[in-house]
C-alpha cells in the first residue's frame, strides 16, 4: 500500500477519542539476548481453541513439539528493550515448548543484517517491518508468510485502519504495534530564551526562528545526517507540502523527481541548510548514541528536532545521566509548518509505524506470539512506556504523555498521511532518497543533481 488512506482516519479519530476519555477519568551497539526456556506449564488440549498467548486445559496425552522462534527487533533502548524481553519470557512461561531467541539491533545495523540474511534465504521468523515497498519486495521474493488465515481468530483486536500498510494484495504479512506521525519537538526554555513562540506554523516562521535562535547563541536544530534517514524527513515533509497526495502517488508511478514541486521541495530545504542551523558534526551524527541527534536534543544543545513519536524517550535515554533537560514540561511538540504555493494541505502528515513481518518458514506459534503482543493488556503496557502509539483497539487510553497526545490529535486532523519515503518506495529507491538527501546536506550536490540521482535509481529499479 502506497499511502495511508481514509481508512486510517477511522483509526486516528478513535485513538483521539480514547485519549480524551482517559483525560476525563526507539541505537547503540548490536546485542543479542537469547531467549531462555521457562519452567514447564500448561498447554492447550487437542481440539480446544485459546486466545493468542493464553493457555487452555493441560494436554495429558503427549508433550508438544519443541518450537524455536527467531525474533529480530530494533528496540535497543529502555524501556522497550526490557519490555520486549519481559513479554517474551511471559509467553515462554505459558508455552514451555516454545523458545524465543531475540536478536536486538540498531536501525541501520538491522537493515544491513536483514538484507544479507534475506539474500541468503535465511529469514528470521519475526522481524521489524515498516510495511510499504520493502514488504512488497519481500512478498514478491517469497520471503515472508501470508498470515491472513492463521491470524484471523484474533486480528480484529487491531483497528482495521492500521492493517493495510502491512498488507500486499489484501493479504496480511505483518502485524503492526505502533503508528505515528513525524513532527517538531522543541525545548521550551530555549525558545523562550530566544523570544521564539511556538508553534511555528509557516516555513517563514521556521526560518525566522532559526535566525532568532542563532542570534541568541543557541544551536537551532539537531539532526543525525550520518544515519541519513533523519535528514530525509526534512525533504520528505516538504515533498508532501508541495506535491500533496496526488503528486506523491505520481512520483511512485513514474519516478520523475525532476518535476517543479519536487525540485521546489529540495530548494526550500536548501534554504534551511544554507542558514547552517545544525549542531557541529551533524553530517557524521547518528540518531542515537554519544554526540547523537538524540543526545544533542536531550542535553539542550539544540532547540528543536524533526522526529517521530519515539523522540522524547530517546532524548532522555541518550543524554548523559544528570544532563537531560529536554524532558517533561520543558519539551513540546507541534506539526510541521505549512509552505506557500504547495498542492498539499497544511495539515497533511508524514509518518508510519512499526510492525513485525513473519518469515516464510515461521511456525504458527510465531503468529500466536504476535497475537499475545497485540492483546489489549500488553498493548497498554507498551503504550505506557511513552515510546509508541498503539494500534490495538482501546489501548490509546494508556498514552499518558501530553506531547504524544498532541501527535494523536495531529494524526486525527490530517486528511492524508504519507508513509516514510524509504518505506513508500522499494528498498533500492528508498536508499537512493536517503543517500541523495545527504549529499545536499553535505553541500556536495545541487537539487537538480539530487533529483536526477533519485530518478535514475527509480528507473534502474524497474
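Brief remarks follow.
- Packing-based ranking of 315-324, 173-182 yields 173-182, 315-324, ordered from highest to lowest mean Cβ neighbour count within 10 Å.
- Beta bridges per DSSP with both ends in the chain, % antiparallel, nearest 5: 65 percent
- Between the range 237-270 and the range 384-456, the Cα center-to-center distance that results, in Å: 15 Å
- Rg and Dmax [Cα atoms of the range 56-214; Å; Rg one decimal, Dmax integer]: 21.8, 74
- Cα gyration tensor category, rounded, prolate or oblate, for the range 141-181 with a/c compared to 1.5: oblate
- Whether the range 266-372 is rounded, prolate or oblate, judged on the alpha carbon gyration tensor where a/c under 1.5 counts as rounded: oblate
- What the Cβ-Cβ distance of residue 122 and residue 64 gives, at R0 = 35 Å and to the nearest 0.05, is a FRET efficiency of 0.85.
- Label zone (residue 193, point 7 Å along Cα-to-C-beta; backbone nitrogen cut-off 16 Å) within the range 294-312: 296-305.
- Peptides 294-306, 256-268, ordered by how many other C-beta atoms sit within 10 Å of their residues on average, highest first, read 294-306, 256-268.
- Estimated FRET transfer efficiency when R0 is 22 angstrom, pair residue 284-residue 435 (beta carbons, to 0.05): 0.90
- Only helices enter the 222 nm calculation for the chain: every DSSP H run of n ≥ 4 contributes -39,500 (n - 2.57), and dividing by all residues gives -13000 deg cm²/dmol, rounded to 500.
- Among 235-246, 399-410, sorting by the average number of other beta carbon atoms lying within 10 angstrom of each residue, highest first, gives 235-246, 399-410.
- Approximating the spin labels as points 7 Å out from Cα along Cα→Cβ, the residue 141-to-residue 361 distance works out to 1.6 nm.
- Cα-projected label distance for residue 93 with residue 107, points at 7 Å along beta-carbon direction, nm: 3.3 nm
- Put a dot 7 Å past the Cα of residue 216, heading toward its Cβ, do the same for residue 323, and the two dots end up 2.1 nm apart.
FYI, it's all coordinate maths here, none of it is from the lab. Since the structure is predicted, the reported quantities are computational estimates derived from the model, not experimental observations. Positions of Cβ are backbone-derived with ideal geometry, glycine not excepted, and every protein chain shown enters the neighbour counts.
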